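The values are calculated or read from the model by the stated rules, or taken from the named source; none is laboratory data. Since the model is a prediction, treat every value here as computed from it, not as a measurement. Because the Cβ atoms are built from the backbone with ideal geometry, glycine has one as well, and the counts that use them run over all protein chains shown. Calculation scope for accessible area: heavy atoms of the full protein, side chains included, ligands and nucleic acids excluded. Shrake-Rupley method; radii C 1.70, N 1.55, O 1.52, S 1.80 Å.
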Amino acid sequence: MRRPISPVSPPAHAHSGRSAWNPLTLALLAALWLATLANWPLWRAMAQLPEMASLRGAVFIAGFAAIVAALTLAATALLAWRWTIKPVLALLLVSAALGAHFMGNYGVVIDPTMMVNVLQTDPSETRDLLNLRLFASVALLAGLPLWWLWRAQLRPTRFLPQLGRNLVAVVAAVALIALLAFALFADLSATMRNHKSLRYMINPLTSFFALSVVAAEAGAKPAGPPLAIGQDAAAQARHAGEKPPMVLLVVGETARADHFSLNGYTRPTNPELAQRGVVSFREVSSCGTSTATSLPCMFSHLGRSGFESRSQEHENLLDVLQRAGLAVLWLDNQAGCKSVCERVAHAMAIDRSAGDVGLLAGLCADGECFDEALLRGLDARIAALPEARRAKGVVLVLHQMGSHGPAYYKRSPPNRKPFVPECTTNVLQQCDRDALVNAYDNSIAYTDHVLAQAIDWLARQRTAYAPSLLYVSDHGESLGENNLFLHGLPFALAPREQTRVPMVLWLPPDGESGRELACLRGRRDMPLTHDNLFHTLLGLAAVTATEYKPTLDALVPCRPQ
């Protein structure tokens with residue numbers, strides 16, 4: 001009896017009616033998708049350059065797109081294996097969709113500084129960045145190809161032949177890059193030299209390059225505690241009857257010097273400070289264009305150039321003040337102090353475990369607080385500091401939410417919005433320009449109110465302390481000038497709007513401090529930077545240390561001897 005012959009089962013992929021793909025082919029298709037559609041902000045920026053408004057310019061853009069595609073293929077070809085290619089391409093597609101959204105809609109670029117900002121973004125900041133445009137970008141640039149990618153069948157491959165194909169693809173991609181770079185060298189070198197921001201817009205490769213730089217820098221720094229500074233720090237001896245200093249340093253957020261009416265801005269954004277006899281320094285440059293860079297830099301004794309080139313972490317201004325025996329307290333209404341305050345007493349503006357909810361009623365909601373919350377309960381906070389330290393002086397640092405974008409309208413309470421109508425969305429490109437500026441200026445006007453309230457509180461401390469207030473913002477902000485929004489551009493490329501910051505000083509208006517203020521008003525246009533903060537604060541707190549440089553103390557020329 002003859003046994004029936006079983007039909008030969010077709011390959012698994014034949015049942016689906018779809019072709020099976022080699023992993024390398026998927027890498028090539030993804031490289032083309034990423035180089036063209038996912039890099040639309042780069043192609044838009046290049047198309048707007050005057051030198052590209054010709055046939056030669058169009059040829060150069062096409063050739064540069066081929067270079068970007070080849071770069072992407074070279075970066076992914078060695079990972080083109082059956083079990084790795086889909087996760088790798090999924091990561092690239094999602095990263096590219098996010099990068100395209102922020103570069104295309106806010107004018108930012110992805111460099112190591114911006115990558116640090118991304119890594120340090122907290123949930124509240126993330127929530128402010130979510131909008132329909134972001135979801136649409138992810139859906140179109142990542143969702144569509146991911147849907148196709150996950151349905152694609154992969155052809156089984158043997159190791160050595162696939163390795164050979166992948167290596168050939170890398171060599172071919174590198175050869176194409178070299179050929180195109182040689183053919184387009186004149187235009188390529190001129191464009192990259194004259195428009196440096198373009199090199200940070202190659203999406204998503206620059207994101208991963210920036211991430212690798214951040215990781216390498218973190219790994220290169222020696223482990224262990226930071227190097228101690230101010231080993232000889234000491235509070236200056238006081239004359240009989242002289243009161244210990246109380247310095248209130250307010251670190252602003254995203255405030256622009258040119259939007260302070262104290263500095264000549266035509267809108268009344270500083271009506272309350274104008275009545276309190278403050279001095280506003282009008283030419284102050286920041287240490288960076290983001291909080292992650294500026295905050296640790298402005299508290300460093302190294303200055304911007306030394307801070308950027310450092311090979312070892314150091315202690316900062318707060319450590320020196322504490323080593324001198326003063327009471328130091330950091331209060332935060334932001335996403336943290338970026339490690340600046342970790343060795344001194346510190347707290348958030350709202351502490352639910354301490355029962356602050358009732359105290360801050362009307363100022364906090366959904367985990368966020370208006371900056372007036374920083375001023376609630378200050379007397380109790382100061383009283384809780386060690387008495388022996390308070391006898392030598394108090395330094396209190398308030399870290400504001402300030403004008404943090406893009407949701408500027410959230411930074412001022414409903415009863416403190418003098419400029420209307422205001423932009424009430426985080427999609428800044430959809431806002432009328434005047435409404436956008438109104439929302440931002442409302443946040444500046446609210447900072448004016450908070451600072452005025454802080455000065456009034458300080459004035460009440462004069463029975464026990466010699467008070468002073470210094471306000472300085474960490475960086476500025478772009479509000480649509482040249483199609484740029486927010487902040488974070490590399491410092492060398494950043495416009496003035498992102499690097500010129502307000503700095504305001506208050507001293508008691510009578511006696512020697514009153515004469516000091518009068519002198520400083522005549523010097524309010526002297527050029528200053530964040531480099532001056534370390535030394536100016538030591539001077540205000542009457543602390544001596546080897547690191548203190550009188551030439552960098554902004555108040556020395558007018559300080560009574």
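Can you confirm whether segment 529-540 contains a residue that is more than 28 Å from the chain's Cα centre (by Cα), open to solvent by 30 Å² or more (accessible area, probe 1.4 Å) and not aromatic (Phe, Trp, Tyr)?
Looking for residues that are more than 28 Å from the chain's Cα centre (by Cα), open to solvent by 30 Å² or more (accessible area, probe 1.4 Å) and not aromatic (Phe, Trp, Tyr), one finds none in segment 529-540, hence no.
Can you tell me how many residues in segment 139-186 are aliphatic (A, V, I, L, M), under 28 Å from Ala97 (Cβ atoms) and open to solvent by 60 Å² or more (accessible area, probe 1.4 Å)?
Within segment 139-186, residues that are aliphatic (A, V, I, L, M), under 28 Å from Ala97 (Cβ atoms) and open to solvent by 60 Å² or more (accessible area, probe 1.4 Å) number 4.
Within segment 452-469, can one find any residue that is acidic (Asp, Glu) and more than 23 Å from Phe102 (Cα to Cα)?
yes
Among the residues of segment 485-510, write down those that are over 24 Å from the mean Cα position of the chain (by Cα) and open to solvent by 30 Å² or more (accessible area, probe 1.4 Å).
Hits for segment 485-510 are Pro509, Asp510.
From the list Leu363, Leu451, Leu428, Leu375, exactly one residue is in contact with a strand residue (DSSP E or B) (Cβ under 6 Å, 6 or more places away or on another chain) and under 30 Å from Ala233 (Cα atoms). Which is it?
Leu451 is the lone residue from the list that is in contact with a strand residue (DSSP E or B) (Cβ under 6 Å, 6 or more places away or on another chain) and under 30 Å from Ala233 (Cα atoms).
Here is a list of conditions, (1) in a helix (DSSP H, G or I); (2) touching a residue at least 12 places away in the same chain (Cβ under 8 Å), and Val108 meets all of them except one; can you say which number that is?
So Val108 meets the others, but not (1).
Among the residues in segment 95-112, are any open to solvent by less than 30 Å² (accessible area, probe 1.4 Å), β-branched (Val, Ile, Thr) and modelled with pLDDT of 95 or more?
no
List every residue pair whose Cβ atoms lie under 7 Å apart, where the two residues are 6 or more positions apart in sequence or sit on different chains, the first residue falls within segment 460-474 and is more than 19 Å from Leu273 (Cα to Cα), and the second residue, located anywhere, is surrounded by fewer than 17 Cβ atoms within 10 Å (Cβ to Cβ).
Ala464/Lys243; Tyr465/Lys243; Ala466/Lys243
Looking only at segment 449-467, filter to residues that are surrounded by 22 or more Cβ atoms within 10 Å (Cβ to Cβ) and of a type outside the set (Val, Ile, Thr); which one of those is farthest from Lys243 (Cα to Cα)?
By that ranking, first place goes to Leu451.
Would you please name the residue that is modelled with the lowest pLDDT, looking only at residues in segment 391-408 that are among the aliphatic types (A, V, I, L, M) and open to solvent by less than 10 Å² (accessible area, probe 1.4 Å)?
Filtering segment 391-408 for residues that are among the aliphatic types (A, V, I, L, M) and open to solvent by less than 10 Å² (accessible area, probe 1.4 Å), the one modelled with the lowest pLDDT comes out as Ala407.
Here are some residues: Arg376, Arg411. Which one is more than 30 Å from Thr544 (Cβ to Cβ), modelled with pLDDT of 95 or more and not aliphatic (A, V, I, L, M)?
Sole residue among the options that is more than 30 Å from Thr544 (Cβ to Cβ), modelled with pLDDT of 95 or more and not aliphatic (A, V, I, L, M): Arg411.
So, in segment 264-284, exactly how many residues are open to solvent by 20 Å² or more (accessible area, probe 1.4 Å), touching an Asp or Glu at 6+ places or on another chain (Cβ under 9 Å) and within 20 Å of Met526 (Cβ to Cβ)?
Of the residues in segment 264-284, 4 are open to solvent by 20 Å² or more (accessible area, probe 1.4 Å), touching an Asp or Glu at 6+ places or on another chain (Cβ under 9 Å) and within 20 Å of Met526 (Cβ to Cβ).
Quick one: Ser513 ticks every box in (1) of a type in the set (S, T, N, Q); (2) outside any loop (DSSP other than H, G, I, E, B); (3) within 32 Å of the chain's Cα centre (by Cα) bar one, so which box is it?
All conditions pass for Ser513, except number (3).
What number goes with the only condition from (1) polar (S, T, N, Q); (2) under 34 Å from the mean Cα position of the chain (by Cα); (3) surrounded by 13 or more Cβ atoms within 10 Å (Cβ to Cβ) that Ser189 does not pass?
(3)
Scan segment 279-293 and give yes if some residue there is part of a loop (DSSP other than H, G, I, E, B), closer than 20 Å to Pro495 by Cβ and among the basic types (Lys, Arg), otherwise no.
Taking every residue of segment 279-293 in turn, at least one turns out to be part of a loop (DSSP other than H, G, I, E, B), closer than 20 Å to Pro495 by Cβ and among the basic types (Lys, Arg).
Quick check on segment 202-224. Is at least one of its residues in contact (Cβ under 8 Å) with a residue 40 or more places away in the chain, among the acidic types (Asp, Glu) and either touching a strand residue (DSSP E or B) at 6+ places or on another chain (Cβ under 6 Å) or over 30 Å from Gly539 (Cα atoms) (or both)?
yes
Just name the residue that is nearest to Ala35 (Cα to Cα) out of those in segment 152-186 that are polar (S, T, N, Q) and part of a helix (DSSP H, G or I).
In this case the residue turns out to be Asn166.
Specify the residue that is nearest to Ser473 (Cα to Cα); the eligible residues are those in segment 365-393 that are within 29 Å of the chain's Cα centre (by Cα) and outside any helix (DSSP H, G or I).
Filtering first and then ranking leaves Phe370.
Please go through segment 206-254 and pick out each residue that is open to solvent by 40 Å² or more (accessible area, probe 1.4 Å) and in contact with a helix residue (DSSP H, G or I) (Cβ under 8 Å, 6 or more places away or on another chain).
Phe208, Leu211, Glu217, Ala228, Gln231 - these are the residues of segment 206-254 that are open to solvent by 40 Å² or more (accessible area, probe 1.4 Å) and in contact with a helix residue (DSSP H, G or I) (Cβ under 8 Å, 6 or more places away or on another chain).
Restricting attention to segment 400-407, does a residue exist that is more than 23 Å from Leu484 (Cα to Cα), in contact with a strand residue (DSSP E or B) (Cβ under 9 Å, 6 or more places away or on another chain) and of a type outside the set (Asp, Glu)?
Yes, segment 400-407 contains at least one residue that is more than 23 Å from Leu484 (Cα to Cα), in contact with a strand residue (DSSP E or B) (Cβ under 9 Å, 6 or more places away or on another chain) and of a type outside the set (Asp, Glu).
What number of residues in segment 324-334 are assigned to a loop (DSSP other than H, G, I, E, B), buried (at least 24 other Cβ atoms within 10 Å of the Cβ) and small (Gly, Ala, Ser)?
Counting residues in segment 324-334 that are assigned to a loop (DSSP other than H, G, I, E, B), buried (at least 24 other Cβ atoms within 10 Å of the Cβ) and small (Gly, Ala, Ser) gives 1.
Just give me the residues in segment 285-318 being surrounded by fewer than 23 Cβ atoms within 10 Å (Cβ to Cβ) and touching a Pro at 6+ places or on another chain (Cβ under 9 Å), in sequence order.
Result: Ser285, Phe307, Ser311, Gln312, Glu313, His314, Glu315.
Name, by its number, the condition in (1) assigned to a helix (DSSP H, G or I); (2) under 30 Å from Thr289 (Cβ atoms); (3) out of contact with any Gly (no Cβ under 9 Å at 6 or more places or on another chain); (4) touching a residue at least 60 places away in the same chain (Cβ under 8 Å) that does not hold for Leu149.
The failed condition is (2).
Take the residues in segment 15-42 that are part of a helix (DSSP H, G or I) and modelled with pLDDT under 95, then tell me which one is most open to solvent (accessible area, probe 1.4 Å).
Among those residues, the one meeting the criterion is His15.
Looking at (1) assigned to a helix (DSSP H, G or I); (2) over 33 Å from the mean Cα position of the chain (by Cα), which is the one condition that is false for Ala65?
(2)
Output the number of the condition that Leu321 fails; it satisfies all remaining conditions of (1) surrounded by fewer than 24 Cβ atoms within 10 Å (Cβ to Cβ); (2) in a helix (DSSP H, G or I).
Failing condition for Leu321: (1).
Exactly one condition in (1) free of Cβ contacts under 8 Å to residues at least 60 places away in the same chain; (2) surrounded by fewer than 14 Cβ atoms within 10 Å (Cβ to Cβ) is not met by Ala388; state its number.
Answer for Ala388: the failing condition is (1).
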